[in-house]
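**Student:** Dropping a structure here in structure tokens format, bear with me for questions.
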Amino acid sequence: MLKAFGISDIGKKRKLNQDYVYVTKEPVGKLPNLFLVADGMGGHNAGDFASKITVETVLKEIAEDERSDKPEQILTKAIEAANEVVVKVASFATDLTGMGTTVVAATCMGSTLYVANVGDSRLYVSGREGLTQITTDHSLVEEMVRMGGIARDDARNHPDKNIITRAVGGKATVEVDCFTVELQDEDTILMCSDGLSNMLEDEEIQSILRGSEELEIKAQTLVDRANANGGKDNISVILVTR
């Protein structure tokens, strides 16, 4: 039986929560369930607005999509549609110029997990093999790591770690990455904004996820630890088990 829980926290430093999470175990269009994390960016309330309308548009597009049959196609088309909406809305209001958001989306169909992402919000799978990051960050620092410019261990504290190279609303079109994962019975899915992943080491995350507590307690513990470690950004967490 699928279990899921989502939580979002403003953190210790921000005056506004620009993250937006959505969790449903019920069908949305042709998808049997849907989980979304969006981390907005932009001045004033622009980032908050971008993440909100992105999630709302993704939901609407998936619910109304009658042509696509593959989960990857459904998720990708919905995110592409959200990008068009964010770009269009931003062009109408000067105070929304330059707004954008990350998004990571997932759906479970039996033992198969389908994932789509843009930006640096992440999806991990925690299981017998440890904690595995499934998504790839679309960030300047991640590109530097891949090209050998900096070591992986130095990426977390790099001064440019918040510069992302791909976002919903960044350009007229957006490239969406898709992943397919075969889940084991004991696996836990973690989706999060960088307010969590920048504040906790993988070992600390895995230690919490391996506990016997309910998902709600684990999610709150992750948020509490991120805040205890500085809480420099908004913190959003979704946990899913089968």
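**Student:** Describe numerically, in nm with one decimal, the distance between label points set 7 Å from Cα along Cα→Cβ at residue 203 and at residue 95.
**Tutor:** About 4.7 nm separates the two model spin labels.
**Student:** Any idea which of 74, 208, 38 is furthest toward the positive side of the dipole for the stretch 3-241, if Lys and Arg beta-carbons carry +1 and Asp and Glu beta-carbons -1?
**Tutor:** The residue sitting most towards the positive pole is 38.
**Student:** Still on this structure: How big is D, in µm² s⁻¹, for the stretch 1-105 by Stokes-Einstein at 4 °C and 1.567 mPa s if Rh is the Kirkwood radius over C-alpha pairs? Could you put the intermediate results ahead of the total?
**Tutor:** Numbers: Rh = 14.3 Å.
Diffusion coefficient, whole number: 90 µm²/s.
**Student:** Ignoring everything except DSSP H segments at least 4 long, calculate the 222 nm mean residue ellipticity for the chain; use -39,500 (n - 2.57) per segment, divide by total residues, nearest 500. Display every interim value, and only then the final one.
**Tutor:** Details: 7 runs with 78 residues, N = 242.
Using -39500 (n - 2.57) per qualifying helix, the result is -10000 deg cm²/dmol.
**Student:** From the backbone phi of the stretch 125-131, what are the Karplus-calculated ³J(HN,Hα) couplings (6.51 cos²θ - 1.76 cosθ + 1.60, θ = phi - 60°) in whole Hz, Gly and Pro given as x?
**Tutor:** For the stretch 125-131, the Karplus curve yields 10, 9, x, 4, 7, x, 9 Hz.
**Student:** Of 25, 171, 13, which is the most mobile in a GNM of the chain whose springs link Cα atoms less than 10 angstrom apart?
**Tutor:** It is 13.
**Student:** Now for a separate question. List every residue whose amide H lies under 5 Å from the amide H of residue 11, counting only residues 5 or more places away in sequence or on a different chain, with H placed 1.01 Å from N in the peptide plane.
**Tutor:** Here the answer is 235, since their amide H atoms fall under 5 Å of that of residue 11.
**Student:** Which residue, chosen from 228, 97, 113, occupies the Cα position most advanced towards the positive end of the dipole of the chain, where the dipole is computed from +1 (Lys, Arg) and -1 (Asp, Glu) charges on Cβ about the Cα centre?
**Tutor:** My answer, from the dipole projection, is 97.
**Student:** Using the charge dipole of the chain (Lys, Arg: +1 at Cβ; Asp, Glu: -1 at Cβ; taken about the Cα centre), state which of 20, 184, 135 has its Cα farthest towards the positive end.
**Tutor:** Of 20, 184, 135, it is 20.
**Student:** Any chance you could run the full-extension gain for residue 109 through residue 16? It's 0.36 nm times the residue separation minus the Cα-Cα distance, nm to one decimal.
**Tutor:** On the way: separation 93, 0.36 × 93 = 33.48 nm, distance 3.47 nm.
The residue 109-residue 16 span can extend by a further 30.0 nm.
**Student:** While we're looking at this one, here's another question. Suppose every K and R has +1 on its Cβ and every D and E has -1 on its Cβ; what is the size of the dipole of the chain about the Cα centre, in Debye to the nearest 20? List each step's numbers first, then the result.
**Tutor:** On the way: 26 positive and 39 negative charges, 86 e Å.
Charge dipole of the chain: 420 debye, to the nearest 20.
**Student:** Let me ask you something else. Specify the residue with the greatest mean-square fluctuation among 39, 194, 202, computed from a Gaussian network of the chain linking alpha-carbon atoms under 10 Å apart.
**Tutor:** Of 39, 194, 202, the Gaussian network model singles out 202 as fluctuating most.
**Student:** If you don't mind, another one. Between residue 228 and residue 175, what is 0.36 nm times their sequence separation minus the Cα-Cα distance? Round to one decimal in nm.
**Tutor:** On the way: separation 53, 0.36 × 53 = 19.08 nm, distance 3.51 nm.
Length gained, residue 228 through residue 175: 15.6 nm.
**Student:** Follow-up. Once every Cα of the chain carries one equal point scatterer and solvent is ignored, give the base-10 log of I(q)/I(0) from the Debye formula at q = 0.07, 0.12, 0.15 Å⁻¹, two decimals.
**Tutor:** Once normalised to I(0) and log-transformed, intensities are -0.21, -0.63, -1.01.
**Student:** Amide H to amide H under 5 Å from residue 121: which residues, 5+ apart in sequence or cross-chain, H placed 1.01 Å off N in plane?
**Tutor:** Amide H neighbours of residue 121: 103.
Rule-based calculations on the coordinates, nothing more; no lab input. Given the structure is predicted, the values throughout are model-derived calculations rather than measurements. Glycine also receives a Cβ, built like all others from the backbone with ideal geometry; neighbour counts cover every protein chain displayed.
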